[in-house]
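Heads up: the structure comes next, in structure tokens.
The values are calculated or read from the model by the stated rules, or taken from the named source; none is laboratory data. Not measured: the values here are computed from a predicted model. Glycine also receives a Cβ, built like all others from the backbone with ideal geometry; neighbour counts cover every protein chain displayed. Keep in mind that these areas ignore ligands, DNA and RNA; they rest on the heavy atoms of the full protein, side chains included. Shrake-Rupley method; radii C 1.70, N 1.55, O 1.52, S 1.80 Å.
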Amino acid sequence: MNLLYRTTGKINRLLSRKTPKNRRTPNPSPERVQSPEVLVVDEVGYIPFDQDSANLFFQLVSSCYERASLILTSNLAFSRWADVFGDATIASAIIDRIVHHAEVINLSGNSYRLQGRLKPQTLAQ
């Protein structure tokens, strides 16, 4: 199985770059991102997208749609993704493709990273 794991920031850098004319264009080899059978994108929402990056991310999600498995992690509800992508329409289109054949898993509770760091009485509150 061909698996690719990237953070959202790395995906943005792989998908686009500034040209000499200071215009964003797709990377000449987007297949580096689009070819895996499973693409894992971590931290969606941690770094906001500008308009060009949001459009390129939509193209990436669309290229995976019904062709490859896509795993996304985010600490934001879908209702807040319009803020992340800067546009409710593009956020809606991305969400539509993600959830069409998806199993959405909503995790809640204490962070496993903090459990060893916090005092037991803090976790119980």
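Some observations on this one:
- Being open to solvent by less than 90 Å² (accessible area, probe 1.4 Å), within 16 Å of the chain's Cα centre (by Cα), under 19 Å from residue 5 (Cα atoms) and of a type in the set (A, V, I, L, M) is a condition met by no residue of the range 103-120.
- Between 84, 61, the distinction of being farther than 22 Å from residue 38 by Cα, open to solvent by less than 40 Å² (accessible area, probe 1.4 Å), in contact (Cβ under 8 Å) with a residue 24 or more places away in the chain and among the hydrophobic types (A, V, I, L, M, F, W, C) belongs to 84 only.
- Leading residue by the ranking (modelled with the lowest pLDDT) among those in the range 9-59 that are among the β-branched types (Val, Ile, Thr) and in contact with a strand residue (DSSP E or B) (Cβ under 6 Å, 6 or more places away or on another chain): 19
- Residue within the range 69-81 that is hydrophobic (A, V, I, L, M, F, W, C) and free of Cβ contacts under 8 Å to residues at least 24 places away in the same chain present: yes
- Those helices (runs of 4 or more DSSP H) of the range 36-125 in which at least 2 residues are more than 17 Å from residue 11 (Cβ to Cβ), considering only elements entirely within it, cover 81-85, 88-99, 120-124.
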